[in-house]
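What follows is one structure encoded as structure tokens, with my remarks underneath.
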Amino acid sequence: MQGIDTIKRILSEPVISSGLLVRDLVAARPPATSDGVATLEQRLPRRLSEFHRQLLLTWNGLDLDVVRFFGASPVRDDGTSLLDAQSLVPAGHPDWVALASDPAGFLYVEDEHGVIWSIDHDGGEVARAASSLDEFICSYIFGTRAAEFGGDSWRDDLVTYGVLPAA
């Protein structure tokens, strides 16, 4: 689960101080409890993937300026809960679990096989973003596929601020 290590690196002082992310738009909430995650899973359409569960047990909601991961209830500091976000999942996908959103209006969901899908809030277009939550974090948002997530300038910023090596 390299994704958790990737997020820890993004949250580290050198990266936060670099200006890659707007410091005021970054919030790492304290971990959810095991009981809280178990209660959440009883109210969701299915159990969470192991990685998603570990993410919640590390941070109960996470704002990283460019992406917001929903937390288990209760969520502090105006974070959106996973249960609240479930209302945004399109009809016809009863086993999808909403896990994140971004400022551009995309919702990210995980299907019953662990595949991450992006849903455009404006047009409703659904596209496969990553084969797993780990790939979503390590490759799609903060890795080699970052231009697909945030454009060439986002990928270039990741290189400039030392998150990605220069090509």
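Put PHE106, PHE136 in order of accessible area, highest first, and with a 1.4 Å probe you get PHE106, PHE136.
Of the residues LEU57, ALA100, ILE119, the one whose Cα sits farthest toward the positive end of the charge dipole of segment 41-137, with +1 on the Cβ of Lys and Arg and -1 on the Cβ of Asp and Glu, is LEU57. Accessible area of TYR140 (1.4 Å probe, protein heavy atoms only, ligands and nucleic acids ignored): about 20 Å². By DSSP, the beta bridges lying fully in the chain are antiparallel in about 95 percent of cases. Measuring gaps between exposed loop sites in the chain (GluC sites (Glu not before Pro); DSSP loop; at most 14 other Cβ atoms within 10 Å), the longest gap, sites not included, is 1-111. Please identify, among ASP111, ASP63, ASP35, the residue showing maximal mean-square fluctuation in a Gaussian network model of the chain using a 10 angstrom Cα cutoff. Of ASP111, ASP63, ASP35, the Gaussian network model singles out ASP35 as fluctuating most.
If the viscosity is 0.890 mPa s and the temperature 25 °C, what translational diffusion coefficient in µm²/s does Stokes-Einstein give for segment 67-134 when Rh comes from Kirkwood over Cα pairs?
Estimated via Stokes-Einstein, D reaches 203 µm²/s.
Around the amide H of ALA100, modelled in the peptide plane, lie the amide H atoms of PHE70, TYR108, all under 5 Å away and 5 or more residues distant in sequence or on another chain. With the dipole of segment 1-140 worked out from charges on the C-beta (+1 for Lys and Arg, -1 for Asp and Glu) around the Cα centre, which of VAL15, PRO90, VAL67 lies farthest toward the positive end? Most positive-ward Cα: VAL15. Apply the a/c threshold of 1.5 to the C-alpha gyration tensor of segment 88-167 and tell me whether it is rounded, prolate or oblate. It comes out prolate by the Cα gyration axes. Taking R0 as 22 Å, what FRET efficiency do you get between SER87 and THR33 from their Cβ-Cβ distance, rounded to the nearest 0.05? Using R0 = 22 Å, I get an efficiency of 0.35.
In percent, rounded to a whole number, the relative contact order of segment 1-71 is 36, using alpha-carbon pairs under 8 Å and six or more apart.
Each of SER118, SER131, SER49, SER34 has its accessible area taken with a 1.4 Å probe; listed largest first, they run SER34, SER131, SER49, SER118. Taking label positions 7 Å along the Cα-Cβ direction at both GLN54 and GLN2, the computed distance is 1.3 nm, reported to one decimal. Measuring between their Cα centroids, segment 31-47 and segment 101-120 lie 19 Å from each other. Of the candidates ALA129, ALA147, ALA32, which one comes out as most mobile in a Gaussian network treatment of the chain with C-alpha springs shorter than 10 Å? Comparing ALA129, ALA147, ALA32 in the GNM, the peak value goes to ALA147. Per the Debye formula on identical point scatterers at the alpha carbon atoms of the chain, with no solvent, log10 I(q)/I(0) at q = 0.09, 0.15 Å⁻¹ is -0.28, -0.79.
The values are calculated or read from the model by the stated rules, or taken from the named source; none is laboratory data. In this text the structure is predicted, and so the values were computed from the model without any measurement. Note that each Cβ is placed from the backbone with ideal geometry, even for glycine, and that neighbours are counted across all protein chains shown. We work out accessible area using only protein heavy atoms, side chains counted, and drop any ligands, DNA or RNA first. Shrake-Rupley method; radii C 1.70, N 1.55, O 1.52, S 1.80 Å.
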